[in-house]
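Report on the following structure.
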Amino acid sequence: MCGIFGYVGKKNPINVCMQGLLHLEYRGYDSTGIGGIHNGKIEICKSEGKLANLKKKLDLPMLELAIAHTRWATHGKVNHANAHPLLDASGSIALIHNGIIENYQELKENLIKEGIPFSSETDSEVVVNLIAKFYKGDLAQAIHKALGLLKGIFAFLVIHKDHPQEIIATAQDCPLSIGCNIDKSESMISSDPNTFQGDSYDIFFLKEKEIARVTSGCVEIFDQHLKSIRKRSERLEIEQQAPTKNGFEHFMLKEIFEQPSTIRRALLGRFNQGIFFEELQLSNVFFKSIENLWILGCGTSSHAGVLGTYLMEDLARFPSSVEIASEARYRNPILSKKTLVIAVSQSGETADLLAATREAQKYGCKTLGICNVKNSTLVRETSGVIFLRAGPEISVCSTKAFTAQLTVFILLSLYFANLRNTQIDVGAIYKELLTIPAHIEQILERQEEIQKIAKKYAKFDDFIFLGRRYMLPTAQESALKLKEISYANANSYAAGELKHGPIALLGPNFPVIAFCANRQTRAKIASNLMEVKARQSPIFAIAPVEFTEMEAIADDVFYVPSTIDPLAPFSSAVVGQLFAYYIAKERGSDIDQPRNLAKSVTVE
Ligand code: F6R
């Protein structure tokens, strides 16, 4: 993962880089560091932990340019030595890296044999020493030679003490963008162009081992053979707002509360007799030619994808399947030009998802991105895109993106239902969908009830989340929330699977969180919960208002507004989010930036 940022131009490079890191912290927060050139010498300051720690100890002189890094540890512990920037053995070259060098062990052994000492456990230090080995006065040339030996995915920024005007950038399968402002007085380089500060930029996206020599307001780009190339830039308007919590204690809570409005925004202008996505550049004729769907995602986005397949099946009678992207990329799928691949992602930067999508493109499939972040790699690489319109999601734990993904999947299923002339009443379902934001508002007004229940359950370390049909992915998503932010062991199962193994775990210290809002399977889950009750596990049930039998079965019940099964995940997921939030709060964990995680997972 990791976020990299660089600046050369008329402003103070340290200030610009610190601001850049602030917006890149979502990519990892194990350590941060900043380095640059001052009077022909490389100066570096780095710190373990979050950016606030670096800010406290920042003691750099005025730099001529700067590179900055926020780390999500892959190779080597979280400590000062492994923080970036990393220096070569002579202290002349500094490098920051995002990605993984797969053959670093072998390269390191060779360098050690040649007498090069190492001071970190990182794969990245191998690269900076390789560059130093090949350096003969031209940094770009040395990097080009080093690239010939590297296997893996990466984006690097490199500086040399004798070249105080230039940052050299290169990338292979990791996002890296270079922006020059319109008056050509400064250049920024970042893992994410949305972190550029200012209004509009000419932006170059590097790929396939292209190398860029970046100076103030100017970029020279070379292809993988080190031949100078003219690359087209894109003019981007950056809407950058400093993230604020708006009075909420955490971004997660703020984002949970935003859901009525983010769902309304996801619906806005997309239904007028039929379903319509303004930004979608794929025609009805194309969609009519499609015979099946393959939906890809990771984590929360994969849970939305599973619900997507249920919706396609139920509402549009459309054959569709779903796969976790990290598995999909190594499968041998049966795809054709008549398969539409739908890639679901909040960030649009998840490495496994991008790789799986690229694999599918090799079969000649068209790809449709469902994505929140404009200017992301997924948006650039897919044949068409539908935006979530959820606004920036800052909390590592995804909430509003999930319900926006669900909204888009419902609209898309209704679109296909129309196209395929299924018998369902599209207008009636859309009308019911319009009531969902108000349902969520009712739940949010009763958050204290959930907080009270969460307090009771916060003492447990093990949980099983159960659901059937639409409530299964909802239970899985809710268990993921709890795991991520409270570090409790929360497993999730189809309620019918309980008796095939997991029931052995149950007992008074193993609570069950039951998602019961799926009408079709109501009687079935009631029986499953009787089996749980017989094993004395405490039961917290989330059930629709009319399901009053739950009172006699569960220890605690939270009633949600009633709706049709395909729409039931919304309210129940929000209860799951609040339950996880209040348990984490009770347990005192770092809710917005939980340990070991990052918002955007850009390594495999
Ligand atoms: C969970 C969570 C992760 C992400 C996953 C995919 O709360 O945030 O599981 O959903 O890393 O990320 P995107 O959607 O950005 O591809």
Could you name the lysines whose alpha carbon sits less than 16 Å from that of LYS55, not counting residues in the same chain fewer than 8 places away? LYS46
Find the eigenvalues of the gyration tensor of the Cα atoms of the range 197-301, then list the square roots of 5 times those eigenvalues as equivalent ellipsoid semi-axes, largest first, in whole angstrom. 36, 27, 16
Other residues with Cβ under 11 Å from the Cβ of ALA404 give, with Lys and Arg +1 and Asp and Glu -1, a net charge of +1
Here the residues of the range 101-130 lying in the modelled label zone of ASN79, meaning backbone nitrogen under 13 Å from a point 7 Å along Cα-to-Cβ, are 119-122
At 1.4 Å probe size, with the rest of the protein present, what percent of the exposed accessible area of the range 3-237 is carbon and sulfur atoms? 49
Figure the gain on full extension for GLN442 and LYS524 (residue separation times 0.36 nm, minus the Cα-Cα span) and round it to one decimal in nm. 26.8 nm
Lysine pairs in the range 245-434 with Cα atoms under 24 Å, if 8 or more residues apart or on separate chains: 16
Based on the mean of other Cβ atoms within 10 Å per residue, sort peptides 306-315, 551-560 so the most packed one is first. 306-315, 551-560
If you split all Cα-Cα distances of the chain into 10 Å bins from zero, what percentages do you get per bin, shortest first? 3, 17, 25, 24, 18, 10, 4, 0
Residues with beta-carbon under 13 Å from that of MET312, excluding MET312: net charge, scoring Lys, Arg +1 and Asp, Glu -1? -1
Carbon + sulfur, % of accessible area of the range 245-434 - ligands and nucleic acids excluded, 1.4 Å: 49
For the chain, what does the relative contact order come out to in percent, with C-alpha contacts under 8 Å and a separation of six or more? 11
What accessible area per residue, rounded to a whole number of Å², is obtained for the chain using a probe radius of 1.4 Å? 39
Rough spin-label spacing in nm, given labels placed 7 Å along Cα→Cβ, for GLU291 and LYS231: 3.9
Enumerate the aspartates and glutamates that LYS113 could reach by cross-link, defined here as Cα to Cα under 19 Å, with residues fewer than 8 away along the same chain left out. ASP88, GLU121, ASP123, GLU125
Radius 14 Å from Cβ of ILE386, net charge of other residues (Lys, Arg +1; Asp, Glu -1): +3
Note down the nm distance, to one decimal, between modelled labels 7 Å out along Cα→Cβ at ASP461 and at ARG380. 4.6
Helix-only mean residue ellipticity at 222 nm, the chain, DSSP H runs n ≥ 4 weighted -39,500 (n - 2.57), per residue, nearest 500. What is it? -10500 deg cm²/dmol
In nm, what is the difference between 0.36 nm times the number of residues separating HIS38 and ARG264 and their Cα-Cα distance? 76.2 nm
Given a 1.4 Å probe and every protein chain left where it sits, what share in percent of the accessible area of the range 471-604 is carbon and sulfur? 50
Please list the helices of the chain that count as membrane-span-like by this rule: a mean Kyte-Doolittle hydropathy of at least -0.5 together with Cα atoms stretching 24 Å or more along the helix axis, each helix being a complete DSSP H run. 299-316, 400-419, 569-587
For GLU531 and ILE564, extending 7 Å from Cα along the Cα-Cβ vector and measuring point to point gives, in nm, a value of 3.1
Considering the dipole of the chain built from charges on the beta carbon (Lys and Arg +1, Asp and Glu -1) around the Cα centre, which of TYR470, ASN284, ALA266 is farthest to its positive end? ASN284
Proximal lysine pairs in the range 445-591, meaning Cα under 20 Å and 8 or more positions apart or interchain, come to 19
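The values are calculated or read from the model by the stated rules, or taken from the named source; none is laboratory data. It should be emphasised that the depicted structure is a prediction, and the values quoted were computed from it without experimental measurement. Positions of Cβ are backbone-derived with ideal geometry, glycine not excepted, and every protein chain shown enters the neighbour counts. In case anyone asks, the SASA skips ligands and DNA or RNA and just uses the protein heavy atoms, side chains included. Shrake-Rupley method; radii C 1.70, N 1.55, O 1.52, S 1.80 Å.
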